[in-house]
Structure formats: C-alpha cells, structure tokens
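Q: For reference, the structure I am asking about is given below.
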Amino acid sequence: MNLYEYQGKKLFEKYQIPTTKGILIDKNLENDYISLNELNINFPVVLKSQVKVGGRGKAGGIKVANNKDEFMKYIKQLFNLTIKGVKVNKILIDEYVPIEKEFYLSFIIDRSKNQVVFIFSPLGGIDIEEVAEKQPDKISKLFFDYELFDFQIRDAILKVYNEKIDVVKQIENIALKLFNLFKENDCILAEINPLVLTKDGRVFALDSKIIIDDNSEVVDQYEEEDEDISVIEREAKVRNLAYVELDGDIGIIGNGAGLVMTTMDLVGLYNGKPANFLDVGGGAKAEKVKESIHLVLKNPKIKALFINIFGGITRCDEVAKGIIQAFQEQSYSIPVVIRLEGTNKQEGKAILEQLKELNKEVFFVENAEEGAQKVVSLIK
Ligand code: GDP
Ligand code: MN
C-alpha cells in the first residue's frame, strides 16, 4: 500500500525525522472548506495536492500561496485538478521552506538480491531515474542485509556529497531514523525526495513516499483513509453498511449482494442508471433498513428509489417496519418502488399500507423486472 504524503509525514514525526507541519483539508468535508477563511495562516504556504502519484510538481499540483487571495484561488484550482487520472480530494497546507539545496534519500527492498538498498543523491527534487540516466556518478547505493552501521551510511553519503560536514551529519541521522521507520513498518520503499537543506542550514524532509507491504498488518490502520471515498461511503463504513456510490440517479436497496447486483443490472437493462449499491444483508432488522434508506437518500442525485427484497432469513415485516420508520423520520418526496417477496410477505404488505400516507408516490411491484421497469419510467 502506497501512503499519502501527509501520512508519510506523520510517520516522519513519529520517528523524529525533521519535516514540515501541515494542515490537511478535504474536499468532501464542507466544514473544512468554509472554515478555510478563518484559518490563521502564516504566509507564504505551500499547497500540495494529496494524490498517490508522483510528479505532482510538474503537473501543477503544488502551489505556493503568498496571501489569502492566492490561497483561495489555488485551493479552488487544485480541487478541480486531475493528476494522471486521479482527482485531487485532499490538500496539504504545508509550511513554506526556503530551499538552499535538494537531496534524494531512500531505502528500498531489492527483490532480486533479497537485500535492502540505501540510495542517496545530492541531486534531489527530480526523478531519481532521471539522475540515474544523466548523472549516474551522482548516485550512491549501499546494499546490505539486515544490519546497518552509522559509518556505512556516512561513507555512502560522502561518496557523492562532502561539502558541509555538518549537513552530512544531519543527513546520516535522518537516514538512520528512516531505516528504523522502514523496518518497523514493513516498508518496501521509504523515500524522501526532496530532502532539503534550508537557507539557515537545517535539513528537512519536504516530501514522503512510503510503500508498505500489502501482507503486513501495518496496512490495516491506513485502510480507512485509503481511497478517495465520498462522505456517504465514509458514513456507510462507520455504520457497517455495504454501500458503493455510483454515478446514476436511481437508488438501489436489496438484501444479498447477488440480488442487489441483479437489481442494478435490470435497472441498466431498461436504460436506468443506478446511483449506488446497497446490501442490507441477511436477516436485516428494521433499524438497519431504516439506516440504509437514510444513507442512500443522502445522495442528492437520486430521483427515485427501488427497494428489492427477497426474504428468506430476512423477514418482510421487519423490512416494512424499517421503511415506514425511515419515511416517518424524514419526509422524502421522491418516488419509491417496492418489491417484497418471501417470508412474512403479507404482514409486510399490511404494514406498508401506511406508507401511502407518508409518500405520495409509492409503487408496489410483484417482481424485480417489473420494478426495474417502473423505477426507470419514473425518471423519464
Ligand atoms: P512531487 O513532485 O510529487 O514529488 O512533489 P514534491 O513534494 O517533491 O514537490 C515538488 C517540488 O516542489 C520540490 O522538489 C520543491 O522544489 C518544491 N517544493 C515543495 N515544497 C516546497 C517548499 O516548502 N518550499 C519550496 N521552496 N519549494 C517546495
Ligand atoms: Mn517528491
């Protein structure tokens, strides 16, 4: 698993590797965006798009803002930017560091040799591949098995950089700390590019690239933040609901992943576009059904809802109760198509009679196909 820059920098802090202090803002969390105006910022700041691809600088994903106007302008720009096919949904508002010199430093597992490699170059800030091609003599590599001694690191650095001994010491120190981080977090790669020397003589990690072995337990803690998920998907995770957001306008709720997917396919067959996948699961209780409806209808794109239940362990009367509760709690005005089949169907239908008082457009259908057809017709 690839970490975001801000996650890597949090690890740097933990391992006492000098790095910049930043504030993370999220496109999906409006509050953050609104409160931006009230943020107390010492300009200049660097605005850094948080995407898991490299070359952000070249792609225009990194901006220096000198005042509030620039700041607001760049934030908007960056949130509308796509870098190598990845949308920018998070921005790190980072301290601006006046740079004297940029270095490259990393630890990587070399699979062919089954060793770790330490790589250092006094030509940082650009792709290391580019340096390797144009000035291979400016790259120092140290292969080692498991143990790493201070003097080995120092020698490796000195091979390509020996201008300021005090700077060499700082780099050596950072390298040793980065190696601890690398070992303790089951890394495949831990890279700092650029590692910078500031105008006032301090060495800082200005960027981070960390890749953790997917088989390691360490990745679990990052899973939550992993992909750029929507606010609704995030809430679904918290509530333990199986929800996936899609591009369409027809809300879909069903029980059992297979049934939900079939429902989506049927809707597609009649040229409708599902807005989501939501599986209430087996034996869902009223509460869960209610929560699911509230969750799905948070998506403002939805124009109609199709609830398709085939009860086995799931009881139709429980589902019906959940539906009623949801519409009692909130008066949704969109049309709803319901198919209820299986255990306690009659009881369920009886309960659902009340729904007609809560929602003007309720349609009961006998099977999934009819339901798909109906819900699509309601959109057009
Ligand atoms: P990448 O292009 O995705 O690797 O993003 P980086 O974080 O490495 O940033 C690219 C370049 O932007 C760096 O090499 C720096 O030259 C510049 N940059 C990033 N942060 C700062 C900063 O705080 N101060 C200054 N002066 N330049 C920065
Ligand atoms: Mn970089």
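The values are calculated or read from the model by the stated rules, or taken from the named source; none is laboratory data. In this text the structure is predicted, and so the values were computed from the model without any measurement. Note that we place each Cβ from the backbone using ideal geometry, even for glycine, and neighbour counts take in every protein chain shown.
Q: If I filter segment 95-125 down to residues being within 16 Å of ligand 2 (Cβ to nearest atom) and of a type in the set (A, V, I, L, M), which single residue comes out as farthest from residue 195 (Cα to Cα)?
A: Checking each candidate, the answer is 108.
Q: Among the residues of segment 242-269, write down those that are loosely packed, with under 15 Cβ neighbours inside 10 Å and not hydrophobic (A, V, I, L, M, F, W, C).
A: 247, 258, 265 - these are the residues of segment 242-269 that are loosely packed, with under 15 Cβ neighbours inside 10 Å and not hydrophobic (A, V, I, L, M, F, W, C).
Q: Hey, another quick one. Any idea which residue in segment 55-102 is nearest to residue 9 (Cα to Cα), counting only those that are within 10 Å of ligand 1 (Cβ to nearest atom) and of a type in the set (A, V, I, L, M)?
A: 92
Q: Looking for something in contact with a Ser or Thr (Cβ under 8 Å, 6 or more places away or on another chain), more than 16 Å from ligand 1 (Cβ to nearest atom), at positive phi and at pLDDT 95 or above - is there at least one such residue anywhere in segment 174-191?
A: yes
Q: Also: Identify, please: which residue in segment 322-342 is among the β-branched types (Val, Ile, Thr) and either surrounded by 19 or more Cβ atoms within 10 Å (Cβ to Cβ) or not assigned by TED's automatic domain parsing to the domain that holds residue 250 (or both) and is, among those, nearest to residue 302 (Cα to Cα)?
A: 336
Q: Considering segment 72-93 alone, what residues qualify as being assigned to a helix (DSSP H, G or I) and of a type outside the set (Ser, Thr, Tyr)?
A: Passing the criteria: 72, 73, 75, 76, 77, 78, 79.
Q: Among the residues of segment 57-71, write down those that are assigned to a loop (DSSP other than H, G, I, E, B) and at pLDDT 95 or above.
A: Scanning segment 57-71 gives 60, 61, 66.
Q: Within the bounds of segment 159-166, is there any residue that is buried (at least 18 other Cβ atoms within 10 Å of the Cβ), touching a helix residue (DSSP H, G or I) at 6+ places or on another chain (Cβ under 8 Å) and assigned to a loop (DSSP other than H, G, I, E, B)?
A: yes
Q: Is there any pair with a first residue in segment 340-354 that is among the acidic types (Asp, Glu) and a second that is surrounded by 15 or more Cβ atoms within 10 Å (Cβ to Cβ) and outside any helix (DSSP H, G or I) whose Cβ atoms are under 9 Å apart and which are 6 or more apart or on different chains, and what are they?
A: Note: pairs meeting the criteria are 341/308; 341/309; 341/310; 341/311; 347/315.
Q: Return yes when residue 88 is under 28 Å from residue 178 (Cβ atoms), touching a Leu at 6+ places or on another chain (Cβ under 6 Å) and not assigned by TED's automatic domain parsing to the domain that holds residue 172 and no when it is not.
A: On the way: under 28 Å from residue 178 (Cβ atoms): yes; touching a Leu at 6+ places or on another chain (Cβ under 6 Å): yes; not assigned by TED's automatic domain parsing to the domain that holds residue 172: yes.
Yes.
Q: Show the residue pairs meeting these rules: Cβ distance below 7 Å; 6+ apart or different chains; first residue within segment 194-208 and not assigned by TED's automatic domain parsing to the domain that holds residue 64 and near ligand 1 (Cβ under 10 Å from one of its atoms); second residue part of a loop (DSSP other than H, G, I, E, B) and polar (S, T, N, Q).
A: Partner pairs satisfying both residue conditions: 204/20; 206/20.
Q: Please indicate, with yes or no, whether at least one residue in segment 94-102 is closer than 20 Å to residue 51 by Cα and not in a loop (DSSP other than H, G, I, E, B).
A: Within segment 94-102, one or more residues are closer than 20 Å to residue 51 by Cα and not in a loop (DSSP other than H, G, I, E, B).
Q: Residue by residue through segment 176-193, note down the ones that are closer than 17 Å to residue 1 by Cα and in a helix (DSSP H, G or I).
A: Within segment 176-193, 181, 182, 183, 184 qualify.
Q: Go through (1) over 16 Å from residue 18 (Cα atoms); (2) in contact with a helix residue (DSSP H, G or I) (Cβ under 8 Å, 6 or more places away or on another chain); (3) of a type outside the set (Ser, Thr, Tyr) and name the single condition residue 233 misses.
A: Answer for residue 233: the failing condition is (2).
Q: Something else: Could you tell me whether segment 301-320 includes any residue that is buried (at least 18 other Cβ atoms within 10 Å of the Cβ), without any contact (Cβ under 8 Å) to a residue 40 or more places away in the chain and farther than 19 Å from residue 368 by Cα?
A: Within segment 301-320, one or more residues are buried (at least 18 other Cβ atoms within 10 Å of the Cβ), without any contact (Cβ under 8 Å) to a residue 40 or more places away in the chain and farther than 19 Å from residue 368 by Cα.
Q: Exactly one condition in (1) away from ligand 2 (no atom under 16 Å from the Cβ); (2) farther than 25 Å from residue 320 by Cα; (3) at pLDDT 95 or above is false for residue 218; which is it?
A: All conditions pass for residue 218, except number (3).
Q: OK, next. Is there any pair linking a residue in segment 97-115 that is of a type in the set (S, T, N, Q) to one that is more than 16 Å from ligand 1 (Cβ to nearest atom), with Cβ under 6 Å and at least six apart or on different chains, and which?
A: Cβ pairs passing all conditions: 115/143; 115/145.
Table: residues versus (1) modelled with pLDDT of 95 or more; (2) in contact with a Lys or Arg (Cβ under 6 Å, 6 or more places away or on another chain); (3) not assigned by TED's automatic domain parsing to the domain that holds residue 349.
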| position | (1), (2), (3) |
| --- | --- |
| 272 | yes, no, no |
| 275 | yes, yes, no |
| 293 | yes, no, no |
| 298 | no, no, no |
| 315 | no, no, no |
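Q: Are any residues in segment 206-215 among the hydrophobic types (A, V, I, L, M, F, W, C) and within 16 Å of ligand 2 (Cβ to nearest atom), and if so, which ones?
A: Restricting attention to segment 206-215, the residues satisfying the condition of being among the hydrophobic types (A, V, I, L, M, F, W, C) are 206, 210-212.
206, 210, 211, listed by residue number.
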